[in-house]
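Here the structure is laid out as structure tokens; the discussion comes afterwards.
The values are calculated or read from the model by the stated rules, or taken from the named source; none is laboratory data. The shown structure was predicted, so the numbers you read here are calculated from the model rather than taken from an experiment. Heads up, the Cβs are rebuilt from the backbone with ideal geometry, glycines too, and the neighbour counts pull from every protein chain shown. Please note that ligands, DNA and RNA were not included when accessible areas were found on the heavy atoms of the full protein model with its side chains. Shrake-Rupley method; radii C 1.70, N 1.55, O 1.52, S 1.80 Å.
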Amino acid sequence: METNFVIPSLMPCVVMKKQTRRKIGVYDGARVFDNNYYALLKNGVVTLYDYIDRQLFADSVLEDVWVAPNGYRLIKKKGANEWELYDELGQKTATGERVAVFNQDGWALVFLKQRGKAQWHFYNVDKNSYLPSVKSVDADEVEVRYDVFAPYSSRLMFILTSGGKTALQFINLLSLKPYREIRNAAYYEFLPDGSIAVAEKPLTRCEGLGFARVVPEEGGLMTVYSADHKRYFDSRGIVMFSSGVFLRYDGSCWRTYLADRSQFGKEVYGIELYAGLMSYHIGVSGKTADGKPVKMTTYSEKDKKVLLEYVDKWLFIVGGKILVDAETGQDVFLI
């Protein structure tokens, strides 16, 4: 999330309007916002202009500004202790001693920390939000994460930290209120299929194209929650692919699972990362109990296709399910 908005460039530069090619002048920094509003920075002072080049807040010396898609303006005056939020008509609606903005994939949220409190007020200020209502979360620190898994499958999360403890909240996309929560997430990692690994000890992560291996330090235990938080299991390590196929470590061996959590094949030992001949052929390899090779590779990140070389079989896994059982290395084309 952003906390600084008009950042100085490495050196002064000429600022021009893109549409008209009109030269505005030489400035230390500049930024264009939604609705063609723009800000200029010179000698530590920010000036804000609307789409017709009219200066806003001309009677104030500004330190920083941000303009929301719906026209709300967030400003910090020089020497002031608080940020101020104004609506599209220029009326002040809220203040806060600290501010954070999340602006991604059509979402625009402004968070204002209330003075002397472990509480943030926040507003939905996307382009369709004309009269945003105030909501609040209790936390010392707040982060927002938005993930899209498919055209009609997405997830909005608030990551709240208070007193050294972290809670992961699953947020309803309509009401912007939490409907599920993972509490006391001391350490956590987001996995390629949207699952979340949570542990009491630090987690070690290494990854390749479309997959990640996460293992707790010192042989600890972690809990892996599904992307919708409806299912979970404990493990001492996991290799998760974006398709939902995964390898799970129980402390003695690894076992292979498809996306529906059904187990495939026998135990696998000595899992490690390997790089193939092509740059995208990066995966994991191991052996069965009798020393036969096992490899799992992301074959196509776009189609979430995984190639599992299990002993003497080639298994193409698409959408988390075994689609093709091939005896050779010939490519498979989906039509």
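Taking the solvent-accessible surface of protein heavy atoms with a 1.4 Å probe, what is the per residue accessible area of the chain in Å²? All intermediate terms of the calculation are to be shown ahead of the outcome.
Values: 17780 Å² over 335 residues.
Per residue, the chain has an accessible area of 53 Å².
Distance in nm between label sites at residue 89 and residue 218, each 7 Å beyond Cα in the beta-carbon direction?
Reported label-point gap for residue 89 and residue 218 is 6.0 nm.
Taking the Cα-to-Cβ direction at residue 128 and at residue 154 and moving 7 Å from each Cα, how far apart do the two end points lie in nm?
With each label placed 7 Å out from Cα toward Cβ, I get 1.0 nm.
Evaluate E = 1/(1 + (r/R0)^6) for residue 52 and residue 173, where r is the Cβ-Cβ distance and R0 equals 35 Å; express this FRET efficiency to the nearest 0.05.
Working: r = 35 Å, r/R0 = 0.99.
The formula returns an efficiency of 0.50 here.
Mind grabbing the accessible area of residue 254 for me, 1.4 Å probe, Å², rounded to tens?
Roll a 1.4 Å probe over it and residue 254 shows about 20 Å².
Can you sort 152, 232, 310 by solvent-accessible area, 1.4 Å probe, largest first?
Numbers: 152 225, 232 150, 310 30 Å².
Solvent-accessible surface, decreasing: 152, 232, 310.
Please report, as a whole percent, how much of the solvent-accessible surface of the chain comes from carbon and sulfur atoms (probe radius 1.4 Å). Please list the in-between numbers first.
Details: 8870 of 17780 Å².
Within the chain, the accessible surface is 50 percent carbon and sulfur.
Please work out the C-alpha center-to-center distance from the range 213-260 to the range 20-55 and express it in whole Å.
Here the two parts' Cα centres lie 49 Å apart.
What percent does the relative contact order of the range 125-192 come to when contacts are Cα pairs within less than 8 Å and at least six residues apart?
20
How much accessible surface area, in Å² rounded to 10, belongs to the heavy atoms of residue 24 with a 1.4 Å probe?
Rounded to the nearest 10, the figure is 40 Å².
For residue 321 and residue 36, compute 0.36 nm times the residue count separating them, minus their Cα-Cα distance, and round to one decimal in nm. Walk me through the numbers on the way to the answer.
On the way: separation 285, 0.36 × 285 = 102.60 nm, distance 4.71 nm.
Contour length minus Cα-Cα distance gives 97.9 nm.
With every protein chain present, what accessible area does residue 73 have (1.4 Å probe, heavy atoms only), rounded to the nearest 10 Å²?
The value for residue 73 is about 20 Å².
Give, as a single signed number, the net charge of other residues whose beta carbon lies under 12 Å from the beta carbon of residue 199, with Lys and Arg counted +1 and Asp and Glu -1.
Values: positive: 201, 205, 236; negative: 189, 200, 217, 218, 234.
Here the count lands on -2.
Quick check: with the 1.4 Å probe, what order do 149, 211 take by accessible area, largest first? Write down the numbers at each step before the final one.
On the way: 149 60, 211 0 Å².
Largest to smallest exposure gives the sequence 149, 211.
Report the paramagnetic label zone for residue 117: residues of the range 86-103 whose backbone N is under 14 Å from a point 7 Å from Cα along the Cα-to-Cβ axis.
Within reach of a label on residue 117, which here means backbone N under 14 Å from a point 7 Å along Cα→Cβ, the range 86-103 contributes 94-98.
Rounded, prolate or oblate for the range 142-241? Axes are the square roots of the Cα gyration tensor eigenvalues, ordered a ≥ b ≥ c, and the cut-off for rounded is a/c under 1.5. Don't jump to the answer; show the numbers that get you there.
Values: a/c = 2.02, a/b = 1.26, b/c = 1.60.
In terms of gyration-tensor shape, oblate.
Less than 28 Å apart at the alpha-carbon level, and either on another chain or at least 8 residues along: which lysines does that give for residue 304?
The qualifying lysines are 230, 266, 287, 292, 295, 313, 321.
Once R0 is set to 41 Å, what does the formula 1/(1 + (r/R0)^6) return for the Cβ-Cβ distance between residue 260 and residue 165, expressed as a FRET efficiency to the nearest 0.05?
Working: r = 33 Å, r/R0 = 0.81.
Rounded to the nearest 0.05, the efficiency is 0.75.
Based on the alpha-carbon gyration tensor of the range 88-218 and its eigenvalue square roots a ≥ b ≥ c, which shape applies: rounded if a/c is under 1.5, prolate if not and a/b is larger than b/c, or oblate?
Numbers: a/c = 2.61, a/b = 1.53, b/c = 1.70.
Here the range 88-218 falls in the oblate category.
Assuming a ≥ b ≥ c are the square roots of the Cα gyration tensor eigenvalues, decide whether the range 197-264 counts as rounded (a/c under 1.5), prolate (otherwise, with a/b larger than b/c) or oblate.
On the way: a/c = 1.37, a/b = 1.31, b/c = 1.05.
Note, shape of the range 197-264 comes out rounded.
Which whole-number percent gives the relative contact order of the chain, counting Cα pairs below 8 Å spaced six or more residues apart?
On the way: 763 pairs, mean separation 20.1, N = 335.
Relative contact order, the chain: 6 percent.
Under 16 Å between alpha carbons, and skipping anything fewer than 8 positions from residue 113 in its own chain: which aspartates and glutamates qualify?
Cα-Cα hits under 16 Å: 2, 82, 84, 97, 138, 140, 141, 143.
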